[in-house]
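Everything below concerns the one structure shown next.
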Amino acid sequence: MGRLGRGALSVASSVSTLSAGWWWPWPEPKPDAAMAGVYDVVIVGGGLCGLMLARLLEQQGGVNYVVLEAHEERFGGRLWNTPEGLDLGAAWLWPQFGQTHAPALSTSLGLELFPQPPGEPKGFAPPEPGRFRVEGGTYGLVERIVAGLPAERVRKGCPVTCVRRDAACPAAAADADKTYVALESSDGGVFHAERVVLAVPPEMLAAKVEFEPALPQARMRAMRNAKTWMAGVTKVVLAYEARFWEDLGLGLGAAGPAFQVYDASSKDDGVVGITFFAFNEEDLDDDEFVGRCLSQLNAYFDLRGDDGLAKRASAFKTAFVQRWSKEPWISADPNPSKIHPHPHPVPALSRPEWDGRLLFAATETDLQDPGLVEGAVGAALRAFKELQG
């Protein structure tokens, strides 16, 4: 994430749908099991989906699990905020259109939802119906889930490169004839598990993880075709002292990298900002990228007959440029700047493999809201149910 300074183009508890009475088929973990790298469940991927599943396992109790996240610095996947709480990644929930899981999670974590402010001129149109944001940003979901998990259960900087079925485990001497699913990380670490949940974008699995034995060709084809939603987008976020655009609204009055702009301010204007969705342009550095987006916005103000707002738009406090196509653990697309159509449900992406020992989560595998925050939570809930079998 690129951050620019003030003014500055030159300065650089559980979801309610689950029953607490569901039982687990595993015995209580041995005291030394975690140290030996032998687990009941290994969750690959520390985005919202993987963390939500970990939260459910932690609340259930009696399960020896670990989350392995490839990113060295943070959890959260496509959820990420500025320090002020402005969303740099996924931002919206649609409870009025049948989404229930993510709103319920937000409530259980003590995070308030509020309607997306309108982008049209004041008095011109009501807010877009059904579109809500999380107060303080969606990354608050990640932060609060992680805060509720034991530190030894979540590991960063641990990219998995190989998953092998029917592997022996020398550390499990008491069960010498038992086989496990083995996971190898890029640093040479090996983890063994009764069952594995892959909460990673499917195209990343197809491109960066070796499976032994190989997964069915139809499965691999479906994973390669499942392009990571919004991975090609660049978000440019500008923070301001006040919402100066309220009377005229926001818009794009000229061609450029941005294709959408919206009011990113918090509920009571405690944090004020504007967000641009943009195509990534490799030849632009962050300063130039911000300048191009501002030119598009200022052209809109000029068309509305108020060039004074252009000066106010250029007087931002801070600017952030988040190029998701540059995130190595988000997309393996050979054309990372391309924005693909919204994913549709693909049942082949959600089916277990290896007699139920290898499960697949991540928002792209959800059969109701793939690609969305709701889909990430929904996929975790489905994987949690599958672990009961």
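The selection criterion, being among the hydrophobic types (A, V, I, L, M, F, W, C) and not assigned by the TED database to the domain that holds Pro118, does not hold for Ala348. Residue pairs whose Cβ atoms lie under 7 Å apart, sitting 6 or more positions apart in sequence or on different chains, and linking a residue in region 234-245 that is among the basic types (Lys, Arg) to a partner that is assigned to a loop (DSSP other than H, G, I, E, B), are Lys235/Leu88; Arg243/Ser265; Arg243/Asp269.
Residues checked against (1) part of a strand (DSSP E or B); (2) among the hydrophobic types (A, V, I, L, M, F, W, C); (3) more than 30 Å from Thr365 (Cβ to Cβ):
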site	(1), (2), (3)
Leu250	no, yes, yes
Phe259	yes, yes, no
Leu297	no, yes, yes
Asp302	no, no, yes
Ala313	no, yes, yes
Pro328	no, no, no
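Out of region 48-64, which residues are buried (at least 24 other Cβ atoms within 10 Å of the Cβ) and touching an Asp or Glu at 6+ places or on another chain (Cβ under 8 Å)? Gly50 - this is the single residue of region 48-64 that is buried (at least 24 other Cβ atoms within 10 Å of the Cβ) and touching an Asp or Glu at 6+ places or on another chain (Cβ under 8 Å).
Sub-7 Å Cβ pairs linking a first residue in region 47-61 that is within 18 Å of Glu364 (Cα to Cα) to a second residue that is part of a helix (DSSP H, G or I) and of a type in the set (S, T, N, Q), at least 6 apart or interchain, are Cys49/Thr363, ordered by first then second residue.
Residue by residue, here is whether (1) surrounded by fewer than 20 Cβ atoms within 10 Å (Cβ to Cβ); (2) assigned to a loop (DSSP other than H, G, I, E, B); (3) aromatic (Phe, Trp, Tyr); (4) out of contact with any Ser or Thr (no Cβ under 7 Å at 6 or more places or on another chain) holds:
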site: Val67; (1), (2), (3), (4): no, no, no, yes
site: Arg78; (1), (2), (3), (4): no, yes, no, yes
site: Gly85; (1), (2), (3), (4): yes, yes, no, no
site: Ala90; (1), (2), (3), (4): no, yes, no, no
site: Gln96; (1), (2), (3), (4): yes, no, no, yes
site: Ala102; (1), (2), (3), (4): no, no, no, yes
site: Pro118; (1), (2), (3), (4): yes, yes, no, yes
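The lone criterion from (1) at pLDDT 90 or above; (2) over 23 Å from Gly251 (Cβ atoms); (3) surrounded by fewer than 21 Cβ atoms within 10 Å (Cβ to Cβ) left unmet by Ser295 is number (2). Number of residues in region 86-99 that are at pLDDT 95 or above and out of contact with any strand residue (DSSP E or B) (no Cβ under 9 Å at 6 or more places or on another chain) equals 1.
Given the structure, is Phe244 surrounded by fewer than 21 Cβ atoms within 10 Å (Cβ to Cβ), under 30 Å from Val200 (Cβ atoms) and either within 23 Å of the chain's Cα centre (by Cα) or not aliphatic (A, V, I, L, M) (or both)?
On the way: surrounded by fewer than 21 Cβ atoms within 10 Å (Cβ to Cβ): yes; under 30 Å from Val200 (Cβ atoms): no; either within 23 Å of the chain's Cα centre (by Cα) or not aliphatic (A, V, I, L, M) (or both): yes.
The answer is no for Phe244.
Within region 335-382, track down each residue that is within 20 Å of Met220 (Cβ to Cβ) and not in a loop (DSSP other than H, G, I, E, B). Those that are within 20 Å of Met220 (Cβ to Cβ) and not in a loop (DSSP other than H, G, I, E, B): Pro347, Ala348, Leu349, Ser350, Glu353, Leu358, Leu359, Phe360, Thr363, Glu364, Thr365, Ala379.
Considering only residues in region 343-360 that are out of contact with any Asp or Glu (no Cβ under 9 Å at 6 or more places or on another chain) and within 21 Å of Val163 (Cβ to Cβ), the one that is surrounded by the fewest Cβ atoms within 10 Å (Cβ to Cβ) turns out to be Asp355.
The values are calculated or read from the model by the stated rules, or taken from the named source; none is laboratory data. Bear in mind that the values here come from a model prediction, so they are computed numbers and not experimental data. Reconstructed Cβ throughout: ideal geometry from the backbone, glycine too, with neighbour counts over all protein chains shown.
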